[in-house]
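Structure record follows, encoded as structure tokens.
The values are calculated or read from the model by the stated rules, or taken from the named source; none is laboratory data. The structure displayed is predicted, hence computed values, not measured ones. In this analysis, Cβ positions are derived from the backbone assuming ideal geometry, glycine residues included, and neighbour counts consider all displayed protein chains.
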Amino acid sequence: MQPRDTQRETRPEGRAPRLALRGVSKVFDGPRGRVEALRGVDLTVYEGEFVAIVGPSGCGKSTLLNIVSGLDQPSAGLILLDDAPATSRLGRTAFMPQRDLLLPWRTVLDNAILGLEIAGVPRREARARARALLPRFGLADFADAYPAMLSGGMRQRAALLRTVLPNKSLLLLDEPFGALDALTRAAMQEWLLGLWEDLRRTILFVTHDIEEAVLLADRVLVMSPRPGRIVRDAPVPLPRPRDYTVVTTPEFVVLRAELLAALRAGEGGAG
Amino acid sequence: MSAHPQGWRRGWLPPAALLLAGVALWEALVQITQTPRWFLPAPSAVAAALGENWRLLARHTLVTAEETLLGFALACLLGVAVATAIAFSRLVERTIYPLVVASQAVPIIAVAPLLLVWFGYDLTPKVIVVVLFCFFPITVNTVDGLRAADRAAVDLLRSMGAGPGQVWRLVRLPSALPYLISGARVAAAVSVVGALVGEWVGSAAGLGYFMIRSASQFLTDRVFAAVVLSALLGLVLFGAVSLLERLLLPWQRLERRERT
């Protein structure tokens, strides 16, 4: 009944898979009965790839990231990190939740080193490493500022620095710009494009915004409403380095329309 | 909480003015009505009593201050320890927490004579009474604070591979600190009362002892002098806790300013 053209995986030449999900399902037993959040999710993210997952709100995108990060376990299915099954994943990926969650009692610098500190890196060394990256994150003058003194965009960049710093092989970003105003959001997206060009880290990026997904990612996965499944796997043929001007190119517009249609088809199938 | 972000000096002015006006009114009324000194001494008489007996008063104040500080410090340690146990374990929470709450209903004044029987006339029973007074606000506030830790922040740390100890040190304890200090401030205000109660029941020194001795001789001006000093003692302790808050939690004032 539903369109299922997901199994055709696009694999970048000669790259090793960083993350693979095989038949991952998740069922919650809540007070109001069983909720099936994910059903048979298959996906692969390759080394150095920027993959975006788009889906309607409540489709289980956040559940998916919680499972990959190890905060939650799947009800069924297998998760592989670097080609090996990984049952305990806490501490192996760098997770950035929707809210920046900067600790209000720590300065920007000390918030940034949180992951390193937990990994046992001495504070002095951790601070030095964070300080070196502050300018790239537009926070050079705010090392000793408390989060309450920062704007929304700066808080998000500080949270991103905290995510990038521990050098994990996979970054999981959950709608990091969802709470920002349109202008700041556009600026942050361009900034992230530039940052990604520099760092070339593997990123799994969750959003409900198709435009954001196409602008940023190498590949866009479309998720259906609950129970969430991957219903479309679309490579983004736009050249890099990119900036905001690509949003008016024909390729961009066509892909956006195609993905929107896939999203709508998924919704129709479920409703 | 009440302090204005940029004008705490101005915050002191209204209460000081009101206090001064009250003292002036009191002085005038006593002078006009010629109230006898043993019944109600004028503020000037109280000041005179303070001046005449300052050596004696200083000795007694020191005794009370020692009891108060020891009891307060002990209550802080005990309160944090019990709150930690309550926040860590469901079993401890269900067995101990109701008792902690119920203990507040026990009249401490009635228990104080027993402490005298068990521990004698020296420092110990007074310190225990102070602990009984201070323990509750510190414990209850700290429990609330430890529970107030942001679940999402805890999850973030866990995703970074943090163990329970690290979560405790990096998130739970710091987010409980403002609550702990709020509790300590309340405790600081009542701690001196605890020491006085302990002294009233039986003692040979301290401001409470001095008050009872003076009252029995109708030296009312000296009673008032002791009252002023014990109030000052409480205020100093309260101020010290507030100062500690400013030093320990500089970020808190920023957060508050952000919210207003």
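State which residue is farthest from the other protein chains (Cβ to nearest Cβ) when the search covers only region B:204-222 and only residues that are in a helix (DSSP H, G or I) and over 17 Å from B:F39 (Cβ atoms). It would help to see each step written out before you state the result.
Applying the first criterion (in a helix (DSSP H, G or I)) to region B:204-222 yields B:207-216, B:220-222.
Next, from what is left, pick out any that are over 17 Å from B:F39 (Cβ atoms): B:207-210, B:212-213.
On the way: B:L207: 38, B:G208: 40, B:Y209: 43, B:F210: 43, B:I212: 46, B:R213: 49 Å.
Applying the filter and picking the extreme gives B:R213.
Looking only at residues in region A:94-148 that are in contact (Cβ under 8 Å) with a residue 60 or more places away in the chain and surrounded by fewer than 21 Cβ atoms within 10 Å (Cβ to Cβ), the one that is nearest to the other protein chains (Cβ to nearest Cβ) is A:R99. Would you confirm whether or not region B:172-183 contains a residue that is farther than 16 Å from B:T61 by Cβ, within 14 Å of another protein chain (Cβ to nearest Cβ) and outside any helix (DSSP H, G or I)? Checking region B:172-183: not a single residue is farther than 16 Å from B:T61 by Cβ, within 14 Å of another protein chain (Cβ to nearest Cβ) and outside any helix (DSSP H, G or I). All of A:P250, A:P225 fail the test of being surrounded by fewer than 21 Cβ atoms within 10 Å (Cβ to Cβ) and free of Cβ contacts under 8 Å to residues at least 60 places away in the same chain, apart from A:P250.
Quick test of your reading of the structure: B:S2 fulfils all but one of (1) touching a helix residue (DSSP H, G or I) at 6+ places or on another chain (Cβ under 8 Å); (2) farther than 30 Å from B:V129 by Cβ; (3) at pLDDT below 90. Name the failing condition by number. The single condition B:S2 does not satisfy is (2).
Given the conditions (1) within 17 Å of the chain's Cα centre (by Cα); (2) among the polar types (S, T, N, Q); (3) closer than 30 Å to A:E117 by Cα, which single one is not true for B:S159? If we test B:S159 against (1) within 17 Å of the chain's Cα centre (by Cα); (2) among the polar types (S, T, N, Q); (3) closer than 30 Å to A:E117 by Cα, just (1) comes out false. In region A:52-88, of all residues being within 14 Å of chain B (Cβ to nearest Cβ) and assigned to a loop (DSSP other than H, G, I, E, B), the one that is surrounded by the most Cβ atoms within 10 Å (Cβ to Cβ) corresponds to A:G70.
Cβ-Cβ contacts under 7 Å between residues 6 or more apart (or on different chains), taken from a first residue in region B:148-162 that is facing chain A (nearest Cβ under 7 Å) to a second residue that is surrounded by fewer than 18 Cβ atoms within 10 Å (Cβ to Cβ) and of a type in the set (G, A, S), are listed as B:G161/A:A119.
Given (1) free of Cβ contacts under 8 Å to residues at least 24 places away in the same chain; (2) at the interface with chain A (Cβ under 10 Å from one of its Cβ atoms), identify the lone condition not met by B:W168. That leaves (2) as the condition not met.
Check B:V106, B:V80 and return the single one that is hydrophobic (A, V, I, L, M, F, W, C) and in contact with a helix residue (DSSP H, G or I) (Cβ under 6 Å, 6 or more places away or on another chain). So that I can check it myself, show each step before the final result.
Values: B:V106 fails: in contact with a helix residue (DSSP H, G or I) (Cβ under 6 Å, 6 or more places away or on another chain).
Exactly one of B:V106, B:V80 is hydrophobic (A, V, I, L, M, F, W, C) and in contact with a helix residue (DSSP H, G or I) (Cβ under 6 Å, 6 or more places away or on another chain), namely B:V80.
For region B:62-76, state whether one or more residues are aromatic (F, W, Y) and either at pLDDT 90 or above or out of contact with any helix residue (DSSP H, G or I) (no Cβ under 7 Å at 6 or more places or on another chain) (or both). Reasoning before the result, please.
Here is the first cut: in region B:62-76, the ones aromatic (F, W, Y) are B:72.
When the remaining residues are screened for being either at pLDDT 90 or above or out of contact with any helix residue (DSSP H, G or I) (no Cβ under 7 Å at 6 or more places or on another chain) (or both), the result is B:72.
Scanning region B:62-76, I find at least one residue that is aromatic (F, W, Y) and either at pLDDT 90 or above or out of contact with any helix residue (DSSP H, G or I) (no Cβ under 7 Å at 6 or more places or on another chain) (or both), so the answer is yes.
Here B:R147 qualifies as modelled with pLDDT under 90, at negative phi and basic (K, R). As for region B:223-241, it holds no residue that is within 14 Å of chain A (Cβ to nearest Cβ), in a helix (DSSP H, G or I), touching a residue at least 24 places away in the same chain (Cβ under 8 Å) and more than 18 Å from the chain's Cα centre (by Cα). Yes or no: region B:147-156 includes at least one residue that is basic (K, R) and under 20 Å from B:Y97 (Cα atoms). Yes, region B:147-156 contains a residue that is basic (K, R) and under 20 Å from B:Y97 (Cα atoms).
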